[in-house]
Every structure is written in structure tokens, then in C-alpha cells.
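Values in this text are rule-based calculations from the coordinates and carry no lab data. Given the structure is predicted, the values throughout are model-derived calculations rather than measurements. Cβ placement follows ideal geometry from the backbone for every residue including glycine, while neighbour counts extend to all protein chains displayed.
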Amino acid sequence: MIHRIWGGMIALSFIFAAFTGRMEALSSAVFDGAEQAVQVALMLLAFIAFWLGILRIAEAAGLLRALARALSPLVRLLFPDIPKGHPAEGYILSNMSANFFGLGNAATPLGIKAMKELQKLNDRPERASRPMITLLALNTASITLVPSTVIGYRAAYGSADPAEIIVPAIIASFAGTIVALFIDRLFQRRSRDDADRGG
């Protein structure tokens, strides 16, 4: 769907430029945009590589395992339907840890693996299970201590203080996570009540 939207916007740009006689300006904007995209991508690559290196050091030092142990009771509370020791738990903990450090690129594959493991526990494969919905809500909001990717974007675009976003990001992500979990629990309670009335 997204590729159709972008394709339509590009086609409309060309049509508008052709009818208004601004093809030269459009061509210039295309090449300038491509150049800027490459520069930003390289800057982000360096920044993300740096934070992935920090994450690897934290992993080697045992900090990620300590964080996973600290989050383990929370995972048991949020995902009571997952059997203890199931592989989904490990992927969920890793996903939460990566999101905590603002490494969305690293968190996404872990989230996908967690979803695949949760699908194995799903009694109705054609529908998302309650743990899958909770994981999606948690992954979307995700409390972030260091918004690495956003800091990288700000640095790439010449921000005077790229890291000044850290405190607002912590507050916003914490509030978003609380609201996401509240709505998730509200709908889970309603679905249980509907099931009880139907039974």
C-alpha cells in the first residue's frame, strides 16, 4: 500500500512539473534529495554501528542479562499465557532490551521472532492471540532510555544538541507505554467478559 502512495505522489509530481514547466527544478530536487539521503544514511549507519557496538559490550559485560533478569517478572506479569521457559520469553526480553536502548533496527527482528514463537502457542492461528496483541502494543510504545536512531537523525541534520531529546523521549515513551498497556488490558477484559456472556 505504501509503495502505491509513494508511486502516486511521484507520478503526480512529474505531471505537475510537466504542466507548469518546472521539470528542471524537479530534476534538481531529485538529485539533491538523493545526495542528502546518501549522506543521512551514512551518518545513521555510523551512529547505529556505534550503539550496536555499545550494546555488544553491554552484552559481553552481562548488563543485558541483568536487564533481562530485572524485566523477567514484568514479562511474566504481562504475558501470563506464555509457558515459563518458552523461547518466546527470551525473544520478548531481547526485544524490550533493544527498544530500551532505542535500537529499533535491532528490536524489529527480535520482535518478529517473538511473534513467530507466539504463533506456535496460538490456538486460533487465523487471529492474533492476546500475548501477540500485548507484544505489539508494548513494542510500538516501548519505553526508551536512549533514542539512538532519533539522535542520529538529529545529528545528521546538524542539530546543535542532538541528545537534548533524551529526557522528553523517556517521558513520552513511558507515558505511551502506560497508555498502550492500559488499553490492551481494557480490551482483554472486555473480550473475556464477552466470552463469559457468550458461554
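Working from label points 7 Å from Cα in the Cα-to-Cβ sense, the I10 to V40 distance is 1.6 nm.
One way to sum up the overall shape of the chain is the equivalent ellipsoid from its Cα gyration tensor, whose semi-axes run 38, 25, 15 Å, largest first.
Restricting segment 100-184 to chymotrypsin sites (Phe, Trp or Tyr not before Pro) that sit in a DSSP loop and have at most 13 other Cβ atoms within 10 Å of their own Cβ leaves Y157.
When the helices in the chain are scored as -39500 (n - 2.57) per DSSP H run of 4 or longer and the sum is shared across all residues, what 222 nm value do you end up with, to the nearest 500 deg cm²/dmol?
Counting only the DSSP helices, I get -27500 deg cm²/dmol.
Ranking I54, I183 by Cβ neighbours within 10 Å, fewest first, what do you get?
Listing I54, I183 from fewest to most nearby Cβ atoms yields I183, I54.
Sorting L110, L186 from the fewest to the most surrounding beta carbons within 10 angstrom yields L186, L110. Segment 115-195: which GluC sites (Glu not before Pro) are DSSP loop and have at most 16 other beta-carbon atoms within 10 angstrom? Passing both the DSSP loop test and the Cβ count: E126. Per residue, the convex hull spanned by the alpha carbons of segment 102-152 comes to 72 Å³.
Counting beta carbons within 10 Å around each of S129, S97, S72, S28 and listing the fewest first gives the order S28, S72, S129, S97. In the chain, Cα pairs under 8 Å separated by at least six residues give a relative contact order of 18 percent.
Of all the stretches in the chain, which is the longest one without any exposed loop site, taking trypsin sites (Lys or Arg not before Pro) in a DSSP loop (any state but H, G, I, E, B) with at most 11 other Cβ atoms within 10 Å? Answer from the scan: 1-83.
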